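Chemist: Right, I'll just put the structure down here and ask away after.
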Amino acid sequence: QFTTGAAGKPVVEYGPSNGNSKVSDFPMRADGTSTTYQASDMCQEPANITEPGKFIDPGSLHTVILTGLEPDTEYSYRVGLSTGQGVVWSSTFAFRSALPAGWSKPYSFIAYGDQGCPDDGWALGGNLTASMVRRELDGHRNGTAPVRLVHHFGDLSYARGSAYLWDAWLDMVEPFASRIPLMVGVGNHEYDHTTGGIGRDPSGVTTGDGFHPAWGNFRTDSGGECGVPT
């Protein structure tokens, strides 16, 4: 998945890593699909208000599925956007494909929550977490239990209706999310709202105020986003 400010056809070129990034090293190609969302898709204020510091156009959100991957193999890749006048390509990245079924050797994964990002006042927590993940990836790359995935189980950017914070958070996690799978959960700061959910809440809950467990008092912790950007 990747995001661009412009619209177009998303494409990824990829192939087994061999130490360089010439075009000929990407023998495989996959096309993808795109989507986006508007202020009217949000549940309530401030996320649905088009004013400075609130909703901004997220651009085009692209998804491309890579097929034909061999298990436990490092691949180089680049993402691009075709607009009818050629393709604008990204830098070259690399990832290692999934382990084969029945794998019995040890591996590691990283799990954490409540990251935030510097632009929301979480400079120590957000940046420190991102740098520690990168350190673990680099330090265990050739170890006995390499890190194979990251699970962020909720409260990601703390945007809470200030949409530019999603861009800041994504920039912060890109150095490792471009290398290994990053699976995210939806926390109260992504989801909780008190009105406007009917027809907008992506979870499919049919009540306008969403999910409010008796043990929580989260109310509008998402700033009206109600899980849409996540």
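Quick note: the coordinates plus some simple rules give every number you see, no bench work behind them. Everything numeric in this text was worked out from a predicted model, so none of it was measured. Don't worry about glycine lacking a Cβ; one is built from the backbone with ideal geometry, like all the others, and counts go over all protein chains shown.
Chemist: Could you list the square roots of 5 times each eigenvalue of the Cα gyration tensor of the chain, that is, the equivalent ellipsoid semi-axes, sorted largest first and rounded to whole Å?
Modeler: Ellipsoid semi-axes (Å, largest first): 33, 23, 16.
Chemist: Also, I was wondering about something else. In degrees from 0 to 90, rounded to the nearest 10, what is the angle of the helix 164-177 Cα long axis to the longest principal axis of the chain?
Modeler: Computed tilt is about 30 degrees.
Chemist: For n ≥ 4 DSSP H runs only, could you compute -39500 (n - 2.57) per run for the chain, divide by its residues and tell me the 222 nm figure to the nearest 500?
Modeler: -4000 deg cm²/dmol
Chemist: Turning to a different aspect of this structure: Taking 1 over the mean of 1/r across every pair of different Cα atoms in region 11-139, what Kirkwood radius in Å do you get?
Modeler: One decimal place: 18.5 Å for the Kirkwood radius.
Chemist: Something else now. Just going by the charge dipole of region 34-113, with Lys and Arg at +1 and Asp and Glu at -1 on Cβ, which of Thr35, Ala101, Ser91 is farthest out on the positive end?
Modeler: Towards the positive end, the residue furthest out is Ala101.
Chemist: Based on alpha-carbon centroids, what's the gap between region 170-230 and region 76-118 in Å, whole number please?
Modeler: 23 Å
Chemist: For region 1-81, take every pair of Cα atoms, bin their distances at 5 Å starting from 0, and report each bin as a whole percent.
Modeler: All Cα pairs considered, the percentages come to 3, 14, 19, 15, 14, 11, 8, 6, 8, 3.
Chemist: Considering Cα pairs under 8 angstrom that are at least six residues apart, work out the relative contact order of the chain and quote it in whole percent.
Modeler: 20 percent.
Chemist: Report the Stokes-Einstein translational diffusion coefficient (µm² s⁻¹, integer) for region 107-213, Rh taken as the Kirkwood radius over Cα pairs, at 4 °C with viscosity 1.567 mPa s.
Modeler: Reported coefficient: 86 µm²/s.
Chemist: Here's a follow-up. Normalised by the number of residues in region 105-220, what is the relative contact order in percent for Cα pairs under 8 Å and 6+ residues apart?
Modeler: 25 percent
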